[in-house]
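Each value in this text was obtained by applying a stated rule to the coordinates, not by laboratory testing. Fair warning: this is a prediction, and the values are worked out from it, not measured in the lab. Virtual Cβ from ideal backbone geometry, glycine too; neighbours counted across all protein chains shown.
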């Protein structure tokens, strides 16, 4: 298996992921992807878009809505199955858990998105664009990417 890593991924943020690939004997290279962050050369129609936590994902669906929506539409247009892998960890293990997420920005502004509203937005997005939204701990991300892209963990 060879994984293409999007060139817009920040090197310091993905070092542990790349180390996981190396440990598992997975070849990888960095190059710009039209959608998402990780793709196996064995299946260009399956792409993973990594999010460092729910705050980043919330920012994507709120402040960067237009850009994010365009990426979802591009994936759908190209026939790409997009999986959003959110490294939130702790108490968020599935989409239903998002309902109970406490957005720290709510302390600053009552207009900030609550966990319940974010859950509704993500559920609608998943249904409309066929996007899967999965969660993991940061320590598991590299192995999750390998598994999701069809690789085996040794």
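Brief remarks on what is shown
- Rounded tilt (10° steps) of 65-78 against the dominant C-alpha axis of the chain: 40
- Taking the number of Cβ atoms within 10 Å of each Cβ as an exposure proxy, the fewest-first ranking of 65, 12, 88 is 12, 65, 88.
- A straight line joining the Cα centroids of the stretch 64-98 and the stretch 15-49 runs 17 Å.
- Between the helical axis of 11-23 and the longest alpha-carbon principal axis of the chain there is an angle of about 40 degrees.
- Mean sequence separation of contacting Cα pairs (under 8 Å, at least six apart), scaled by the length of the chain, corresponds to a relative contact order of 24 percent.
- Label point distance in nm, residue 138-residue 13, each placed 7 Å from Cα along Cα→Cβ: 1.2
- From the coordinates shown, semi-axes √(5λ) of the Cα gyration tensor in Å corresponds to which of (i) 21, 18, 17; (ii) 26, 18, 14; (iii) 60, 13, 12: (ii)
- Going by neighbour counts of Cβ atoms within 10 Å, the residues 84, 133 line up, fewest first, as 133, 84.
- Taking the helices alone, the chain has a mean residue ellipticity at 222 nm of -11500 deg cm²/dmol, built from -39,500 (n - 2.57) per DSSP H run of at least 4 residues and averaged over all its residues.
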